[in-house]
Amino acid sequence: MNIDFLLEGEPEEELLAGFLKSSRSLVFEEYADIEQIEGRPAVYSHASVQRKSVSLGQMRAPLNAFESLSAVRRSAKNFSEKSISIGDLASCVLSSCGITATPNPIKEYFLLANPSAGNLVGTSIWVASRSVEGLDSGIYFFDRGNSSLNFIDTEFQSVYNTLIQPELRSAAAIVCIVGSFDRSIGKYGLRGARYIFLESGHIAQNLCMSATSRGLAACSIGGFIEDNLNESLQLDGILHSAIYCVALGSNIENE
Ligand SMILES: Cc1cc2nc3c(=O)[nH]c(=O)nc-3n(C[C@H](O)[C@H](O)[C@H](O)COP(=O)(O)O)c2cc1C
């Protein structure tokens, strides 16, 4: 694909490439001296301008369905080998980023479970299935328009191997959120690149909440080797790049 029309004459091409292609060594070497804060969240308090505070207290009982889920959502850190059903996987994917309304089918105008800047839909979803009942192991592309998982490759293990934490590699499925930057940058400039990250976060959170609602374990994962995951999914790593993953499965601690 010719990207000159997006980046012509600008240093942005290099900037974008550097922005997207952070590697494992960058993450671990540049930030190696950051002091680890164990046991408590780093909650930011703006003490210098704090004049009057209004307590929000706790979520009000009785909790509604969303609030109940929000209260128990956790990132699973140890997955068992247990499989999940294709029904559970389908529900998680569809309720996170599937088409929820088609106001104008002729113009192929549709609305999704996730918000998307300008409705440009700068994300695509790939699934690496290791142990999903009713679905052969492999790598699949989620075709939103047809609501189908399209088989790409048998090499699901190549996706799992990009995860830095081995304990996440027994998850039943890894959902990979991929950003496609061309249209968003074409409309919004480099800010459009940031919108893709925001859109990815929406989808990841939806996946986590949907998994929680189905009693599945989920973990949002930024700790993967980007270059390797892009290679597994046959992405150029610049205009199309893996952004975020969510592991789905069963928590070893619940067995
Ligand atoms: C952008 C992002 C990347 C993350 N990457 C990882 C990861 O690679 N591995 C992991 O175990 N958890 C990862 N997490 C999950 C956090 O560790 C987790 O949200 C945090 O410890 C708080 O725990 P909780 O989600 O159970 O409330 C990530 C979370 C975010 C928002």
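The values are calculated or read from the model by the stated rules, or taken from the named source; none is laboratory data. Nothing here was measured: the structure is a model prediction, and the numbers come from that model. Cβ placement follows ideal geometry from the backbone for every residue including glycine, while neighbour counts extend to all protein chains displayed.
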## Note on the structure
Ser147: passes all of (1) surrounded by 15 or more Cβ atoms within 10 Å (Cβ to Cβ); (2) in contact with a helix residue (DSSP H, G or I) (Cβ under 9 Å, 6 or more places away or on another chain); (3) not charged (D, E, K, R) but (1)
### Summary
So the strands (runs of 3 or more DSSP E) completely within segment 145-255 holding 1 or more residues that are closer than 24 Å to Leu94 by Cα, touching a Lys or Arg at 6+ places or on another chain (Cβ under 9 Å) and within 14 Å of the ligand (Cβ to nearest atom) are 173-180, 217-221, 240-249
### Identity of the residue in segment 92-120, modelled with pLDDT under 95 and part of a loop (DSSP other than H, G, I, E, B), that ends up nearest to the ligand (Cβ to nearest atom)
Glu108
### Matching entry among Gly87, Gly57 (being of a type in the set (Gly, Ala, Ser) and closer than 30 Å to Gln234 by Cα)
Gly87
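When the residues of segment 55-105 are narrowed to those that are basic (Lys, Arg) and over 19 Å from the mean Cα position of the chain (by Cα), which ends up farthest from Glu167 (Cα to Cα)?
Among those residues, the one meeting the criterion is Arg60.
A quick yes/no check of all residues on (1) closer than 24 Å to Phe181 by Cα; (2) under 12 Å from the mean Cα position of the chain (by Cα):
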residue	(1), (2)
Asn206	yes, yes
Ser213	no, no
Ser232	yes, no
Cys245	yes, yes
### Task
Could you list, in sequence order, all residues of segment 65-91 that are surrounded by 13 or more Cβ atoms within 10 Å (Cβ to Cβ), of a type in the set (Gly, Ala, Ser) and either away from the ligand (no atom under 16 Å from the Cβ) or closer than 12 Å to Gly249 by Cβ (or both)?
Ala76, Ser80, Ser83, Ser85, Ala90, Ser91
